[in-house]
Amino acid sequence: VQLQASGGGLVQAGGSLRLSCVGSGRTFSNYVMGWFRQAPGKEREFVSGINWSASTTNYAESVKGRFTISRDNAKNMVYLQMNSLKPEDTAVYYCAADRSYSSVGIHANEYDYWGQGTQVTVSS
């Protein structure tokens with residue numbers, strides 16, 4: 001599975017961005033998908049995840065109520081709508097896929113495939 005993330009950019013605090021991730025392969029719809037982010041000098045951290053049917057989602061406390069994850073299996077796409085952005089949301093955002101039939105994990109080592117990352121910069 002290859003993943004390609006896009007949609008990052010520069011936005012002012014309070015603004016919005018929508019990240020997209022397209023995956024290859026016919027088994028994409030079976031995978032748990034996640035979004036992680038990594039700021040300079042910090043470890044990669046979980047942002048949000050969604051199971052194959054979109055019936056279960058999970059969010060980091062820092063983004064709850066501001067970010068929404070969704071997916072379109074027909075298009076092999078997963079999205080992250082980010083509203084009310086804050087300067088502390090600045091990071092490289094990565095999409096990831098977990099090929100196991102498991103719950104939505106929050107640890108990077110639970111995910112098997114990773115996209116290349118897209119930069120999100122929020123100015124104050």
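The values are calculated or read from the model by the stated rules, or taken from the named source; none is laboratory data. Bear in mind that the values here come from a model prediction, so they are computed numbers and not experimental data. Backbone-built Cβ (ideal geometry, glycine too); neighbour counts: all protein chains shown. With ligands, DNA and RNA removed, areas are computed over all heavy atoms of the protein, side chains included. Shrake-Rupley method; radii C 1.70, N 1.55, O 1.52, S 1.80 Å.
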Within region 25-37, residues closer than 22 Å to residue 92 by Cβ and without any contact (Cβ under 8 Å) to a residue 60 or more places away in the chain come out as none
Going through (1) among the aliphatic types (A, V, I, L, M); (2) out of contact with any Cys (no Cβ under 7 Å at 6 or more places or on another chain); (3) over 12 Å from residue 79 (Cα atoms); (4) surrounded by 13 or more Cβ atoms within 10 Å (Cβ to Cβ) one by one, residue 22 fails only at (3)
Suppose the filter is modelled with pLDDT under 95 and farther than 21 Å from residue 15 by Cβ; does residue 99 pass it? yes
Of the conditions (1) touching a helix residue (DSSP H, G or I) at 6+ places or on another chain (Cβ under 9 Å); (2) open to solvent by 30 Å² or more (accessible area, probe 1.4 Å); (3) closer than 18 Å to residue 21 by Cβ, the single one that residue 116 does not satisfy is (1)
Got at least one residue in region 57-73 being at pLDDT 95 or above and aromatic (Phe, Trp, Tyr)?
yes
When region 62-105 is checked residue by residue, the ones that are surrounded by 14 or more Cβ atoms within 10 Å (Cβ to Cβ) and of a type in the set (Phe, Trp, Tyr) are 67, 79, 93, 94
Given (1) in a loop (DSSP other than H, G, I, E, B); (2) of a type in the set (Gly, Ala, Ser); (3) open to solvent by 10 Å² or more (accessible area, probe 1.4 Å); (4) at pLDDT below 95, residue 29 misses just (1)
Over region 39-61, the set of residues closer than 16 Å to residue 89 by Cα, open to solvent by 60 Å² or more (accessible area, probe 1.4 Å) and touching a strand residue (DSSP E or B) at 6+ places or on another chain (Cβ under 9 Å) is 40, 42, 44, 45
